[in-house]
Amino acid sequence: MTQVTLEHIRAAHERIAGKVERTPTVLSQTLSEGLGVPVHLKLEHRQTTGSFKLRGASNAVASLSTAEKARGVVAASTGNHGRALAHAAKLEGMRAVICMSRLVPENKLDGIRRLGAEVRIIGNSQDEAQQEVDRLVAQEGLVMLPPFDHPDIVAGQGTLGLEMIEQVPDAALVLVQLSGGGLASGVAAAIKGVSPGTKIIGVSMARGAAMKASLDAGRPVLVEELPTLADSLGGGIGLDNRLTFAMCRDLLDGIVLLSEDEIAAGIRHAYAREREIVEGAGAVGIAALLAGKVRSDGPVVVLLSGRNIDMDAHRRIVCGEAPSLKEHAA
Ligand SMILES: *Cc1c(COP(=O)(O)O)cnc(C)c1O
């Protein structure tokens, strides 16, 4: 499969204009002082539905043919992709079905229902939920849109990179979250397409960093999924990964891994110093700077990618209580 290019991303940006927010970039006084170069925060956690996932979902949904739109879309994500897909489908007047296991907490379920999607509760694991997705594709003709390994999803996430390099044209370094790699692939393709000298570093939690393990192994590998404060970064990259593994291998300049305490410090800093409420995944760029794991000779852009965190868990973390690794996701 060919990789997603700057042209794809520019087309996506036009396609989703008016459907997603253009989020602001602000200078962080404290992080700039700490690093000795300007540090800009891209406030994408303020995006509609609370994460950048709306960009990929909106682009993928808008790219469907009329016949596909009539059939509707389906996914097994209980997190930010599920929310984004539900919202994007509603905007197009389409049917969306989100499949999840019986173990998913009630508040998540309600959140997705409120966005207008049908919720199917099946079995006791994500695997069983995915089997229901496969059944709906085979028997009812729904179109599956996966959370990262799809060209229209990657191109949509890449629109974030276009905005970042427009807002900070002299960026020397960009810090971007890394899980399945749809975000990092799209952002890196956009930024390197416009500004080849800008470095892109992916940031993950140390607990279960599937893309890092896969890049080290030279092929997609399975890693044990462990609870983490950066719950939106959990999960594998797919052993049959078609797109994001190669793009991350070719485009990223490095990967930084963080401990749970470092991630908690990132959430706290975002709140206390930047006055921003972010989820664990959203805070990892800030956390990497605070932990002294990144240096730069020029301006840095740090992506805040999402804010969907349970507010009780957030309160406990900003109060400095030991983070409980369960039940913190909104
Ligand atoms: C999905 C997600 C990520 C990671 O994106 P990938 O494309 O899977 O690498 C980062 N932050 C938030 C808030 C997310 O929802």
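The values are calculated or read from the model by the stated rules, or taken from the named source; none is laboratory data. Predicted model only: the values in this text are computed from it and were never measured. All Cβ positions, glycine included, derive from the backbone under ideal geometry; neighbour counts span all protein chains shown.
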So residue 182 ticks every box in (1) closer than 18 Å to residue 262 by Cβ; (2) within 11 Å of the chain's Cα centre (by Cα) but one. Which box is left unticked? (1)
Would you be able to say whether some residue in the stretch 315-323 is buried (at least 24 other Cβ atoms within 10 Å of the Cβ) and in contact (Cβ under 8 Å) with a residue 40 or more places away in the chain? yes
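Here's the yes/no breakdown for (1) out of contact with any Lys or Arg (no Cβ under 7 Å at 6 or more places or on another chain); (2) under 26 Å from residue 185 (Cα atoms):
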{"position": "113", "(1), (2)": "yes, no"}
{"position": "119", "(1), (2)": "no, no"}
{"position": "127", "(1), (2)": "yes, yes"}
{"position": "137", "(1), (2)": "yes, no"}
{"position": "140", "(1), (2)": "yes, no"}
{"position": "143", "(1), (2)": "no, yes"}
{"position": "150", "(1), (2)": "yes, yes"}
Looking only at the stretch 27-64, how many residues end up being part of a strand (DSSP E or B), buried (at least 22 other Cβ atoms within 10 Å of the Cβ) and more than 19 Å from the chain's Cα centre (by Cα)? 1
Mind telling me which of the residues 44, 7, 33, 14 ends up being out of contact with any His (no Cβ under 7 Å at 6 or more places or on another chain), in contact (Cβ under 8 Å) with a residue 24 or more places away in the chain and of a type in the set (D, E, K, R)? 44
So is residue 67 hydrophobic (A, V, I, L, M, F, W, C), outside the structural domain of residue 283 (by TED's automatic domain parsing) and either assigned to a loop (DSSP other than H, G, I, E, B) or in contact with a helix residue (DSSP H, G or I) (Cβ under 7 Å, 6 or more places away or on another chain) (or both) or not? no
Against the definition (crowded, with 18+ Cβ neighbours inside 10 Å and either assigned to a loop (DSSP other than H, G, I, E, B) or away from the ligand (no atom under 15 Å from the Cβ) (or both)), how does residue 171 come out, yes or no? yes
Within the stretch 220-234, the residues that are in contact with a Gly (Cβ under 7 Å, 6 or more places away or on another chain) and under 27 Å from residue 191 (Cα atoms) are 220, 230, 231, 232, 234
Any residue in the stretch 244-260 that is among the small types (Gly, Ala, Ser) sitting within a Cβ distance under 7 Å of a residue that is surrounded by fewer than 22 Cβ atoms within 10 Å (Cβ to Cβ) and outside any helix (DSSP H, G or I)? List the pairs, counting only those 6 or more apart or interchain. 246/3; 259/206
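A quick yes/no check of all residues on (1) crowded, with 17+ Cβ neighbours inside 10 Å; (2) away from the ligand (no atom under 16 Å from the Cβ); (3) of a type in the set (Asp, Glu):
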| residue | (1), (2), (3) |
| --- | --- |
| 119 | yes, yes, no |
| 156 | yes, no, no |
| 167 | no, yes, no |
| 183 | yes, no, no |
| 193 | yes, yes, no |
| 210 | yes, no, no |
Outside any loop (DSSP other than H, G, I, E, B) and either buried (at least 16 other Cβ atoms within 10 Å of the Cβ) or away from the ligand (no atom under 13 Å from the Cβ) (or both) - does that describe any residue in the stretch 234-245? yes
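Per-residue answers, yes or no, for (1) part of a loop (DSSP other than H, G, I, E, B); (2) β-branched (Val, Ile, Thr); (3) surrounded by fewer than 18 Cβ atoms within 10 Å (Cβ to Cβ):
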| site | (1), (2), (3) |
| --- | --- |
| 187 | no, yes, no |
| 190 | no, no, no |
| 229 | yes, no, no |
| 232 | no, no, no |
Identify, by number, the condition in (1) touching a residue at least 40 places away in the same chain (Cβ under 8 Å); (2) closer than 14 Å to residue 306 by Cα that residue 273 doesn't meet. (2)
Could you pull out the residue among 285, 298, 292 that is under 25 Å from residue 169 (Cβ atoms), over 17 Å from the mean Cα position of the chain (by Cα) and either in a loop (DSSP other than H, G, I, E, B) or not assigned by TED's automatic domain parsing to the domain that holds residue 82 (or both)? 298
